[in-house]
Amino acid sequence: MRLAELDASALTFAMDFLRANSKRVQGVSVPDEDFISAHDKHVIVIGGGDTGSDCIGTSNRHGAKSITQIEILDKPPEKEDKGLTWPNWPNKLRTSSSQEEGCDRHWNVLTKSFEHDGEGNVSALNYVLVRWDKDEDGRWQMSEVPGSEAQFKADLVLLAMGFVHPVHEGMLAELKEAKGLELDARGNVKGSTEGPKAYYTNVDGVFAAGDMRRGQSLVVWAIREGRQCARAVDEWLMGSSDLPR
Ligand SMILES: Cc1cc2nc3c(=O)[nH]c(=O)nc-3n(C[C@H](O)[C@H](O)[C@H](O)COP(=O)(O)OP(=O)(O)OC[C@H]3O[C@@H](n4cnc5c(N)ncnc54)[C@H](O)[C@@H]3O)c2cc1C
């Protein structure tokens, strides 16, 4: 059975799971076929970021039987090494409020395949442990640990492995094709945050800020860029601006 043949309510993108849940919480009607419940299920969340945390919190509220979160990277150190990282954001183990509410966390886990019951239901996730070592050029290389193959029981697998770039469809695709809107090497809309053309794109009258410009990021960056971009737009329209930067 190929992945596509597994039932969407057994192996699904985190955003489909979260979006439907949020709508119901807000009182918006969601047809049962679009709502994925974690109730009484062994849930596996693939990905150790904020989206994964939201999946854990939601699964706990649905009444999941067990929740396991797997991450491909090494477990970060419990204490940061400030001497090495300052002034950058230090790499250290963080535990979200959702993770505190209950889940098993595993690191260095690479998903290899899924088991199913023949009727579209996933029943287990097969994995192998990996290690990360630097090669002679200082680049991190991943390798599988021989003999570490194992399995997690799974009734629901949520894919929360990160976002690559804004989706190139709708207005973005139109701007790209009709106006030649430039993207950066990672597929985000190209634009800088400094200088007289901060937040400008290469298309006159089109500005970009937040996730669209910097890629999947954090709310604090979206607020900062949104405010600064508003000022850039005001200046472009009026010739000057009183808005803060
Ligand atoms: C599941 C999940 C969990 C997250 N958890 C955290 C967290 O815990 N902490 C944190 O800091 N960040 C978190 N983030 C990231 C954070 O949500 C984003 O970085 C932030 O929302 C980006 O803001 P934005 O304004 O750039 O884009 P968005 O919030 O995506 O806003 C873009 C808006 O544009 C609208 N839009 C799209 N197309 C058009 C159009 N053609 N015309 C008009 N409007 C349009 C969209 O509907 C949307 O409302 C999370 C993200 C996700 C997906």
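Per-residue answers, yes or no, for (1) modelled with pLDDT of 95 or more; (2) away from the ligand (no atom under 11 Å from the Cβ); (3) of a type in the set (F, W, Y):
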position: D211; (1), (2), (3): yes, no, no
position: S217; (1), (2), (3): no, no, no
position: I223; (1), (2), (3): yes, no, no
position: Q228; (1), (2), (3): yes, yes, no
position: R231; (1), (2), (3): yes, yes, no
position: D234; (1), (2), (3): yes, yes, no
position: M238; (1), (2), (3): yes, yes, no
position: R245; (1), (2), (3): no, yes, no
Helices (runs of 4 or more DSSP H) (entirely within the stretch 160-245) containing at least 3 residues that are without any contact (Cβ under 8 Å) to a residue 40 or more places away in the chain and within 28 Å of I56 (Cβ to Cβ): 219-238
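Which one is surrounded by the most Cβ atoms within 10 Å (Cβ to Cβ), of the residues in the stretch 25-58 that are within 16 Å of the ligand (Cβ to nearest atom) and either free of Cβ contacts under 8 Å to residues at least 12 places away in the same chain or under 18 Å from D7 (Cα atoms) (or both)? Quick ask: steps written out before the conclusion?
Start the filter on the stretch 25-58 by keeping residues that are within 16 Å of the ligand (Cβ to nearest atom), which leaves 25-26, 28, 36, 38, 43, 45-58.
Filter once more, so that each one left must be either free of Cβ contacts under 8 Å to residues at least 12 places away in the same chain or under 18 Å from D7 (Cα atoms) (or both): 25-26, 28, 36, 38, 43, 45-46.
Working: V25: 10, Q26: 8, V28: 9, I36: 20, A38: 24, V43: 25, V45: 31, I46: 22.
My answer is V45.
The values are calculated or read from the model by the stated rules, or taken from the named source; none is laboratory data. Treat the numbers as computed from the prediction; the structure is a model and nothing was measured. Positions of Cβ are generated from backbone atoms using ideal geometry, with glycine treated the same way; all protein chains shown enter the neighbour counts.
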